[in-house]
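The structure appears below as structure tokens.
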Amino acid sequence: MTFVGEHQTGKPQSTVLAVEDLSRSFGGVPAVDGVSFRISGGEIVGLIGPNGSGKSTTVNLVSGSLRCDSGRILLRGSDISNRSAYQVARLGLTRTFQIPRVWGRLTVAENLLVAGTDVSDESATRALTRRRKLRQQRGELEERLFDILATLNLTPLANQQAEVLSGGQKRLLEFGRIMMSGASVLVLDEPFAGVNPVMCRALQDIIEALRADGCLVLLIEHNLQAVEETCDRVIVMATGKIIAQGSLAEVRASEKVISAYLGQAS
Ligand SMILES: Nc1ncnc2c1ncn2[C@@H]1O[C@H](COP(=O)(O)OP(=O)(O)OP(=O)(O)O)[C@@H](O)[C@H]1O
Ligand SMILES: [Mg+2]
């Protein structure tokens, strides 16, 4: 298994996101235990592994949603370890959650507009107070907004409060907020879960288009077919540690991966 710091064009790319010896325990039990990896601009990397292996905790640490016990996270060479999610988002790293989070009291369109004006501090109150600013900037953002609503089949729901959306629609809205944000480092926690196959394909195409624009994508996913179709390479975690990295075909052949994950999954 080799680490390949390059995406599918074959050209070496410089590291954008580096995670070094990252650890986090809960009540003395390690959830993430000495995890290190590097991802370059334009790469789509899958993070896979059994339930409870530390994938979401890893992305929570990387995105500033959770504090690490030790280790470092470097974004374009700057140490972002233990910065807040808001600060990390302002540096161009944004994420979706395993359970989608939307501002329920804002409309679908307003959720998207907030993401387009400021890369979210996850506070509904502050989002509401920004309504006035949103109205002023609406003209500039409307074209992008309408495109994204149409792409995600959310146009008929544009003026509905987001809290009435179904689980799958909330996931699409979260994805739309990523598209609006203009972020260049995207961390997606099971973005296809609960999304119908046609929309799943559409989201995969959007991820590919974002990559073509130079975005880096770290994507947690249990659906290995979607991983195979979407990701350039994968990182496999088990019990808080990385047990393999490489192409999906390479890691599938690893005895460690078969015994920790694939044997159990099939
Ligand atoms: N806030 C928390 N408090 C206590 N334990 C936690 C917390 N968050 C995660 N854990 C524990 O850390 C371990 C890793 O959880 P994590 O959510 O990172 O797994 P995962 O790989 O994302 O799993 P899944 O595929 O089921 O989403 C689990 O044992 C979980 O119970
Ligand atoms: Mg998870």
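No value in this document is a laboratory result; all are computed from the given coordinates. What you see is a predicted model; the values in this text were computed from it and never measured. Cβ placement follows ideal geometry from the backbone for every residue including glycine, while neighbour counts extend to all protein chains displayed.
Summary of values
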quantity: Positive minus negative residues near Gly34 (Lys, Arg vs Asp, Glu; Cβ under 13 Å); calculated: -1
quantity: Cα gyration tensor shape of the range 162-234, rounded if a/c is under 1.5, else prolate or oblate by comparing a/b with b/c; calculated: oblate
quantity: Charge dipole magnitude, Cβ of K and R +1, D and E -1 - the chain, Cα centre, debye nearest 20; calculated: 820
quantity: For the chain, alpha-carbon Rg relative to the globular expectation (2.2 N^0.38 Å, N residues); calculated: 0.99
quantity: Debye, to nearest 20: dipole size of the range 131-239, +1 on Lys, Arg Cβ, -1 on Asp, Glu Cβ; calculated: 620
quantity: Burial ordering of Ile48, Ile80, fewest other beta-carbon atoms within 10 Å first; calculated: Ile80, Ile48
quantity: Loop GluC sites (Glu not before Pro), the range 219-266, which have at most 12 other Cβ atoms in a 10 Å radius of their Cβ (DSSP); calculated: none
quantity: The chain: most fluctuating residue of Arg72, Arg95, Arg252 per GNM, C-alpha cutoff 10 Å; calculated: Arg252
quantity: Which of Tyr86, Tyr261 has the fewest Cβ neighbours within 10 Å, and the rest in rising order; calculated: Tyr86, Tyr261
quantity: Order by protection proxy (mean Cβ within 10 Å, highest first), peptides 109-116, 30-37; calculated: 109-116, 30-37
quantity: Helical segments meeting 15 Å axial Cα length and Kyte-Doolittle -1.0 threshold in the chain (DSSP H); calculated: 167-181, 197-212
quantity: Least to most buried among Thr94, Thr155, Thr58 (fewest other Cβ within 10 Å first); calculated: Thr155, Thr94, Thr58
quantity: Top of Ser181, Ser56, Ser14 by mean-square fluctuation, Gaussian network on the chain, Cα under 10 Å; calculated: Ser14
quantity: Cβ-defined net charge surrounding Thr239, 12 Å radius [Lys, Arg +1; Asp, Glu -1]; calculated: +2
quantity: In the chain, lysine pairs with alpha-carbon atoms under 27 angstrom apart (chain gap of 8 or more, or interchain); calculated: 5
